[in-house]
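Here, each number is a calculation from the coordinates, and none is a lab measurement. Since this is a predicted model, take the numbers as computed values, not measurements. Note that each Cβ is placed from the backbone with ideal geometry, even for glycine, and that neighbours are counted across all protein chains shown.
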Amino acid sequence: MSSSRTAQQASQQIGPMDTVGRDVPRIDAYERVTGRATYTRDVRLPGMLYARVLRSPHPHARIRSIDVSKAEALPGVRAVITHETHQLIYSSGSIAGGRQYNDAAKDITKHLRYMFDNPVRFVGQPVAAVAAVDRYIAEDALQLIEIDYEELPFVIDPEEALQPGAPPIWPEGNLALDIENQPRPSGGTSGDPEAGFAAADQVFEDRYTTAFVQDGQMEPRSALAQWEGEKLILYTPTQGISNCRHDNARDLGLDDHQIQVICKYMGGGFGDKNGSYYFDLIAAMLSKEAEAPVLLELTRKDDWLGTHGRWHTVQNLRVGVAQDGTVTAIALEGFSGMGPYLRRSGGIAGIDAYACRNVERVIYPVHTNRMVSGNFRAPSDPQGYFAIQSMMDDIAYKVDMDPVDFALKNVIRPTDEIQFTNYSLDECIMRGRELFDWESRWRPVPGSDPGPIKRGAGMAFMAFRSGVGPSSAILRVNADERYTLFVGVTDVGPGAKTTMALIAAEELGVPLSQVDVVWGDTDLCPYSVGESGSRTTTMTGYAVVQAALDLKRQIAERGMPRGDDVLIASATPNPSTEGKRRMVFGAHFVEVEADVQLGHIRIAKYVAVHESGRILNPRPAKDQIRGAALQGLGQALHEDLLYDPRNGHPLTAGYYGARHLTHLDAPEIEVTFIETDDGYGPYGAKTVGEAGIILGPAAVANAIFNTIGHRMKELPITRAKILEALA
Amino acid sequence: MEGKRENDDIPQGGDTSRSLEDSRGSDTSRKDEGGSSDLSRRGFLGGTGAALVVAGAPKLGSSEPLSGGAAEQEVQAVPRTAIRVTVNGTEHRVDVEDRWTLNEFLRDQLELTGSKIGCNRGECGACTVLVDGEPMFSCSTLAVWADGRDIQTVEGLERDGAVSPLQQAFMDFNAPQCGFCTSGQLMTASALLVNNPNPTSDEVREGLVGNLCRCSNYNAIVEAVLATAGTSGSGGAQ
């Protein structure tokens, strides 16, 4: 790390720099508003075939036989593949808890997922695929594939799945295997929970549930595969071209250099796309069979059921509180519905935002015959924060305290054991209270408005990791003093490409217009950690700083290049915070209106205060928070994936079914950043994109309690649930 | 949004032959299904479109040949209809397959890939184009229905190499995040500003309700449209 800056725990106010910290339109804004931005499906290759995937109509079934002869005989069909012809392991589809590029975990897991699996374990699982000269013939061919299924017993509910006698989805049972292949819950104990509960004057228990939320990015997944000899060229919408290449190479038995992954633009990330997906493998195999480029297009329904979304949870909480409102102990028993493969952790966050150290957590990631769960923007957080902060809000009323005072009494703060690179959580809460005018909007007696339109207010707060770590960047300058920055980003929406260019311009001391960016192509760009886990700005951005420092040194020693000569610098730093926690902090304050006759909830005011270190580009940063907060509102009030328990079929796939937010559902989100420089990352920048989604469900639920006097314990908080509570 | 649950085309237990496609079915396959009421969206549109053409569409003598696939000669012939359509100011006389959606015609045949397919079922608005100045979901409109019409896509918003005021505002206000819904938002907003040059924010939100943005950058999109209100040329729509 830069030795000139020392880390401090107290936050320090800062101003804009030469380029960084000033509003700059994104460098690819023109392409994005003129239709010139080339997404995967916009690429056209000569002789390209179209592919479609046949999917399981059963939640759990063994395939006795597949007859593809009629499909193959259909004129125009060029390739048909099934699990009988291609037994390819799709290793990033099911790993025991590791990261998407954790090869060790993929090596040992007992729960291998195949590109086409048998048995099939959820409705929507791929069973066969067709490539044909046009998409109509491919679709017709799917209907000619005859499959003899033996239907198996299935289970949809995660708590039921753990009961004795539940249909086993794996031989080891329905509790997911951990990274050592053991069926153990995650979690653990810190401090002394037993002593903490003994010291409590009151102990509260409650149960909260959260629903599955599809990431639902607007671009349906696609993959365009073309072979040049033994080299695969793959256009695919990924958040991480480097990890996507590595995952696919591993599963196809190739070396990394034999795959070129290209992703220039992609229509929304939101998580779990920093790696490969099975449709990459299907497109690659169809292309190999057909000896032609193949574009595999997932339909919206394919995408909805055949990818992933935020895991749904059941959370049983116990909280001990002393007479003065100090939380003395917290216990969580959680169940996370993961679908039949443990694609991601199933974690439940939120408790760490409290100072209380006497904590017991037991979290069961459970297999069911629902669709697969995975990462969605702050993967473990909104669902966890909803439960613990609803619980704490409830306790505040029960011990006769203002919820903000209760929060300020119990938030995590720096101690001798817990050090932060900087700390601002209490400042976020106090600033939010002031900006929101909490005193005038919060009702000391919940539900006390006469109605029929009642008003009330609620809040929630968070601390979320913003780590540092390895990534790479290359910078080149030529005699014309044009600087070319090579970074393996794609820009999934937050403006990563622009941010990287801003950092380079700042460190080089040149105008942004002198910096060109080469991105989105593994044959051109160095390794990048990928745009997930809030890593791009902090990790790849820091590599850009280091590459620029190196280039400046070279220029100082050798002068600017002349003629056709260039100077090149590369950097792959791997910084550390030496044991200190690097976190972003935030507090959301919400006022709602509840129509007690119709059950309708309207957001009347939404204030989001965030500390994300230094803000590099203010407008896109603000829009990250606003968009994320609105996604959080969707989770709070709308989104779900209902299953019919009788037949294991999903009922609400798609935008209408899941009731994703429209323009009319979106209130104005007021965003305030508290800016600091903790000495880490590029100029003290920390994560923005994930933080904004964490607090919506908790803050809205707390506001609804204050408004109607009923605690809503199940997401989403629909009109029907409001009316039921008021009945 | 309440009450919009739908139990749509998910295959029911026991039917092993169907995929989750929402756009399955050629004429042949529909005949095979006999009296089934479970008609696919494209099948329905295809049937209606063909009927309309038979009823009254003029047949044009000269048309541009268009490719329907890499190896057309071997596959079953598909009914085609000659249409005359103006796209971004250029007139095309073409034979289109009766089953092509307007979106397929624009993206696959004219290679105007600015309009996107987000859902292909009229839920998301990413495919929105202007038909005679009115925003339409091009995924749910047949190409043959465009006969005699004037189509404008996002590629047609620029004038003399300059972006429209609305496009400029979209850039200035960071209205695209991932950008996938942007073309649709731009087209709907362009039409809105022609019909209502000075909308309120509520009118903008109502006007754009059919255009989803999963990045949920709704605040910025509305700000960009409001910033354009009242400027000359409005949104840039014809």
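Could you sort the peptides A:551-559, A:357-365, A:622-630 by per-residue average Cβ neighbour count (10 Å cutoff), highest mean leading?
In decreasing order of mean packing, A:551-559, A:357-365, A:622-630 become A:622-630, A:357-365, A:551-559.
Can you list the HN-Hα couplings for region B:158-166, worked out from phi with the Karplus curve (6.51, -1.76, 1.60; θ = phi - 60°), rounded to whole Hz and with x for Gly and Pro?
6, 10, 6, x, 10, 5, 6, x, 5
Multiply the residue separation of A:Glu230 and A:His257 by 0.36 nm, subtract the distance between their alpha-carbon atoms, and state the gained length in nm to one decimal.
This chain segment gains 8.7 nm when fully extended.
How do A:Asp402, A:Asp393 rank when sorted from fewest to most other Cβ atoms within 10 Å of their own Cβ?
On the way: A:Asp402 15, A:Asp393 24.
Lowest to highest Cβ neighbour count: A:Asp402, A:Asp393.
Over region B:165-228, what is the relative contact order in whole percent, taking alpha-carbon pairs under 8 Å and six or more residues apart?
Dividing the mean separation by the residue count of region B:165-228 yields 53 percent.
With a cap of 11 neighbouring Cβ atoms within 10 Å, and only residues DSSP puts in a loop, list the trypsin sites (Lys or Arg not before Pro) found in region A:633-693.
Hits after loop and neighbour filter: A:Arg646.
Enumerate the calculated ³J(HN,Hα) couplings along region A:638-644 in order (Karplus 6.51 cos²θ - 1.76 cosθ + 1.60, θ = phi - 60°), each rounded to whole Hz, writing x wherever the residue is Gly or Pro.
Once θ is set to phi - 60°, the couplings for region A:638-644 become 10, 7, 6, 10, 7, 10, 7 Hz.
Round to a whole angstrom and tell me the spacing of the C-alpha centers of region A:560-638 and region A:651-704.
7
Counting only other chains, and only Cβ atoms inside 10 Å, what mean value do you get across the residues of A:35-45?
4
Any of A:Lys273/A:Lys497; A:Lys110/A:Lys288; A:Lys301/A:Lys713; A:Lys580/A:Lys686; A:Lys110/A:Lys231; A:Lys106/A:Lys273 with alpha carbons more than 23 Å apart? Name them for me. Please report the intermediate quantities before stating the final value.
Values: A:Lys273/A:Lys497 18 Å; A:Lys110/A:Lys288 29 Å; A:Lys301/A:Lys713 30 Å; A:Lys580/A:Lys686 14 Å; A:Lys110/A:Lys231 30 Å; A:Lys106/A:Lys273 17 Å.
In this structure, A:Lys110/A:Lys288; A:Lys301/A:Lys713; A:Lys110/A:Lys231 lie more than 23 Å apart at Cα.
Would you grab the residues whose amide H sits under 5 Å from the one on A:Gln260? Only those 5+ places off in sequence or on another chain, please, with H modelled 1.01 Å from N.
Those qualifying (amide H under 5 Å, at least 5 residues apart or on another chain) are A:Leu232, A:Ile233, A:Leu234.
Most exposed first by the Cβ proxy, i.e. fewest other Cβ within 10 Å, how do B:Thr128, A:Thr572, A:Thr718 rank?
Values: B:Thr128 30, A:Thr572 14, A:Thr718 20.
Listing B:Thr128, A:Thr572, A:Thr718 from fewest to most nearby Cβ atoms yields A:Thr572, A:Thr718, B:Thr128.
For A:Thr189 and A:Leu408, FRET efficiency with R0 = 25 Å and r from the beta-carbon atoms, rounded to 0.05?
0.40
For region B:182-232 and region B:141-156, what is the separation of their Cα centres, given in Å?
21
Would any residue of region A:468-498 have its amide N under 16 Å from a label point 7 Å out along Cα→Cβ of A:Arg553? List them or say none.
Residues A:473-476 fall inside that zone.
With a cap of 14 neighbouring Cβ atoms within 10 Å, and only residues DSSP puts in a loop, list the chymotrypsin sites (Phe, Trp or Tyr not before Pro) found in region A:99-193.
Filter output for region A:99-193: empty list.
Test of understanding: ordering A:Ile27, A:Ile108, A:Ile388 by Cβ neighbours within 10 Å, fewest first, what list do you get?
If I rank by nearby Cβ atoms, fewest first, I get A:Ile108, A:Ile27, A:Ile388.
Take every DSSP beta bridge whose two residues both sit in chain A, then give the antiparallel share in percent to the nearest 5.
If we restrict to bridges inside chain A, about 75 percent are antiparallel.
Just how far, in whole angstrom, is region A:433-475 from region A:296-372 if you go by their alpha carbon centroids?
21
How would you order A:407-420, A:58-71 from highest to lowest mean count of nearby Cβ atoms within 10 Å?
Going by the mean number of other Cβ atoms within 10 Å, highest first, we get A:58-71, A:407-420.
For peptide A:49-62, how many partner chain Cβ atoms fall within 10 Å of a residue's Cβ, on average?
Mean shielding by partner chains, rounded to a whole number: 3.
Antiparallel versus total DSSP beta bridges in region A:327-483: what percent is that, nearest 5?
20
Dipole magnitude of chain A about its Cα centre, charges +1 at Lys/Arg Cβ and -1 at Asp/Glu Cβ only, in debye to the nearest 20?
Roughly 560 debye, rounded to the nearest 20.
Where does each of A:195-206, A:222-233 land if you order them by average Cβ count within 10 Å, highest first?
Answer by packing, highest mean first, reads A:222-233, A:195-206.
Run down the lysines and flag those whose C-alpha is under 21 Å from the C-alpha of A:Lys605, throwing out any fewer than 8 positions away in its chain.
A:Lys454, A:Lys622
Take every residue in peptide A:650-660, count the Cβ atoms of other chains within 10 Å of its Cβ, and give the average of those counts.
The per-residue average across the peptide is 6.
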